[in-house]
1. In the range 1-18, how many residues are in contact with a helix residue (DSSP H, G or I) (Cβ under 8 Å, 6 or more places away or on another chain) and assigned to a helix (DSSP H, G or I)?
2. Could you list, in sequence order, the residues of the range 48-73 that are within 14 Å of the chain's Cα centre (by Cα), closer than 20 Å to Gln17 by Cβ and either in a helix (DSSP H, G or I) or not hydrophobic (A, V, I, L, M, F, W, C) (or both)?
3. Condition first: of a type outside the set (Lys, Arg), exposed (fewer than 15 other Cβ atoms within 10 Å of the Cβ) and out of contact with any Lys or Arg (no Cβ under 7 Å at 6 or more places or on another chain). Can you find one or more residues in the range 10-18 that meet it?
4. Please work out if Thr32 is touching a residue at least 60 places away in the same chain (Cβ under 8 Å) and hydroxyl-bearing (Ser, Thr, Tyr).
5. Out of Pro98, Pro44, Pro78, which single residue is over 17 Å from Glu9 (Cα atoms) and surrounded by 14 or more Cβ atoms within 10 Å (Cβ to Cβ)?
6. Given (1) without any contact (Cβ under 8 Å) to a residue 24 or more places away in the chain; (2) surrounded by fewer than 16 Cβ atoms within 10 Å (Cβ to Cβ); (3) over 19 Å from Gln17 (Cβ atoms); (4) not aromatic (Phe, Trp, Tyr), where does Arg87 come up short, assuming only one miss?
7. For the list (1) basic (Lys, Arg); (2) within 14 Å of the chain's Cα centre (by Cα); (3) more than 23 Å from Met1 (Cα to Cα); (4) not in a helix (DSSP H, G or I), I need the number of the one condition that Lys124 fails.
8. Go through the range 19-39 and give me each residue that's surrounded by 14 or more Cβ atoms within 10 Å (Cβ to Cβ), more than 14 Å from the chain's Cα centre (by Cα) and not in a loop (DSSP other than H, G, I, E, B).
Amino acid sequence: MSLSFPSAEWAAELQRQLDGSAAYAAAAATWTYGPVALVVRAAPALGLTEPVGVHLDVERGRCREVRVVDLAQAERAPFCILGAYDRWKALLKREVDPMKALLQGKLELKGQMTVIVRYVGASKALVECAARVPTRFLDDA
């Protein structure tokens, strides 16, 4: 069964994937910088009339909680990554490298880039976990 992205069900499965990933646990073992929020910008043509955030409460290689939040809540996270729906879709389909997307401006970071750069392995492991979530995209027939 595919889970609609973004949704609470998709977020719950992402947490399960992160919790079960030895690669993520190892790559993010020293992460103590607080939560990370992933924000999908509004896409009215797809039915997203407001931005949707996925808030990840991560620390030391563990994911304590993942939940869907609004933009205001997402922006309170120390690290908030924003992008258009098609950018997130490409990332989840492994068509785009997360660090290249940030450095090329395809995704926007609110937070310290120097910290994120030190955790390239954790970023890639997180994307691998997200890519393993059986996903149904809003623009797929």
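1. Qualifying residue count for the region: 3.
2. Gly53, His55, Asp57, Glu65, Arg67 - these are the residues of the range 48-73 that are within 14 Å of the chain's Cα centre (by Cα), closer than 20 Å to Gln17 by Cβ and either in a helix (DSSP H, G or I) or not hydrophobic (A, V, I, L, M, F, W, C) (or both).
3. no
4. no
5. On the way: Pro44 fails: surrounded by 14 or more Cβ atoms within 10 Å (Cβ to Cβ); Pro78 fails: surrounded by 14 or more Cβ atoms within 10 Å (Cβ to Cβ).
Result of the check over Pro98, Pro44, Pro78: Pro98.
6. (2)
7. (4)
8. Asp19, Ala23, Ala25, Ala27
The values are calculated or read from the model by the stated rules, or taken from the named source; none is laboratory data. This is a predicted model, so every value here is computed, not measured. All Cβ positions, even for glycine, are placed from backbone atoms using ideal geometry, and neighbour counts span all protein chains on display.
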